[in-house]
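The values are calculated or read from the model by the stated rules, or taken from the named source; none is laboratory data. Computed from a predicted model, the values in this text were never measured in an experiment. Note that we place each Cβ from the backbone using ideal geometry, even for glycine, and neighbour counts take in every protein chain shown.
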Amino acid sequence: MHRRTLLRLGTVSFVTLLVLTGAPCWGDALDDINKAGVLKVAVPQDFPPFGSVDAQMQPLGYDIDVARLIAKKLSVKVELIPVTSANRIPYLQTKKVDLVISSLGKNPEREKVIDFSDAYAPFFSGVFGPADLKISKPEDLAGMTIGVTRGSVEDLELTKIIPANTTIKRYEDNNGTISSFLSGQVPVVATGNVVAAAILARNPPKKPETKFLIKNSPCFVGMNKDEPKLMAKVNAMIAEAKKDGSLNAIALKWLGADLPPGL
């Protein structure tokens, strides 16, 4: 979770240096992409199911499929460039990439230096449980036991909203939380949708579904500032992919769930 919420000091310093030294202004990014016939996209390689590599070291994941989808809609080739949390924004600022599609969350610090598309992927913390449990709000957890990873965002937020007679079982890592649900130690868990996807991948008898959200922080495509043509084009393609179902198919493939309403 920290990889999406912390803007590294190095990134801020780098961007500040660009401003102070008067970095050159580039031309229209969309025209440059079309002229080159290649879309260069920063993608994760160590954050499944959004981005990882297979046994042949080929990239795969939600973000990789979205990058390929956008390139296809632009009728250009895609060049996937692996990045880390720390270097993805500098890669964009120096035009090593045209877009960042790397489970990128939006926050005020990042909005000072780059622009964001409309949301293309859900990323949230919530309460998950099987379909036969009727839970839709924190009050419904009264008298129940819920599993959570110790010290996680879910752990911190859950204690603020649940009834006093709810029992919290804390586990040392996400694997412990997953196992607690799979083994029936707890009927519900508070975790991220990525962890819930990992539970679904194990095909348990009782599949976890979202009961209610604790904290919502969807993923956005990052691009350099003042690129209105590229922004409009990317947003139009995301809207089209939502409408024609192709984005929902990616969500089902990698997250095991439909896109949430209103994404």
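Worth a mention:
- Test: residue in the range 232-254 that is in a loop (DSSP other than H, G, I, E, B) and surrounded by 15 or more Cβ atoms within 10 Å (Cβ to Cβ): no
- Residue match in the range 193-208 (condition: assigned to a strand (DSSP E or B) and either surrounded by fewer than 20 Cβ atoms within 10 Å (Cβ to Cβ) or acidic (Asp, Glu) (or both)): no
- The criterion of being under 18 Å from Val221 (Cβ atoms), outside any helix (DSSP H, G or I) and at pLDDT below 95 holds for Ser85.
- Residue check, Pro208 in contact with a helix residue (DSSP H, G or I) (Cβ under 7 Å, 6 or more places away or on another chain), more than 24 Å from Glu157 (Cβ to Cβ) and assigned by TED's automatic domain parsing to the domain that holds Ile135: no
- Some residue of the range 162-174 being out of contact with any helix residue (DSSP H, G or I) (no Cβ under 9 Å at 6 or more places or on another chain), acidic (Asp, Glu) and in a helix (DSSP H, G or I): no
- When restricted to residues that are closer than 21 Å to Asp173 by Cα and in a helix (DSSP H, G or I), the range 97-156 contains 4.
Residues are listed down the side, and each one gets a yes or a no for (1) part of a loop (DSSP other than H, G, I, E, B); (2) at pLDDT 85 or above:
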| position | (1), (2) |
| --- | --- |
| Trp26 | yes, no |
| Asp32 | no, yes |
| Val41 | no, yes |
| Pro49 | yes, yes |
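- When residues of the range 142-169 are limited to those that are within 23 Å of Ser217 (Cα to Cα) and either at pLDDT 95 or above or among the hydrophobic types (A, V, I, L, M, F, W, C) (or both), the one surrounded by the most Cβ atoms within 10 Å (Cβ to Cβ): Val148
- Residues considered: Ala201, Ala190. Of these, the only one that is small (Gly, Ala, Ser), modelled with pLDDT of 95 or more and not assigned by TED's automatic domain parsing to the domain that holds Leu80 is Ala190.
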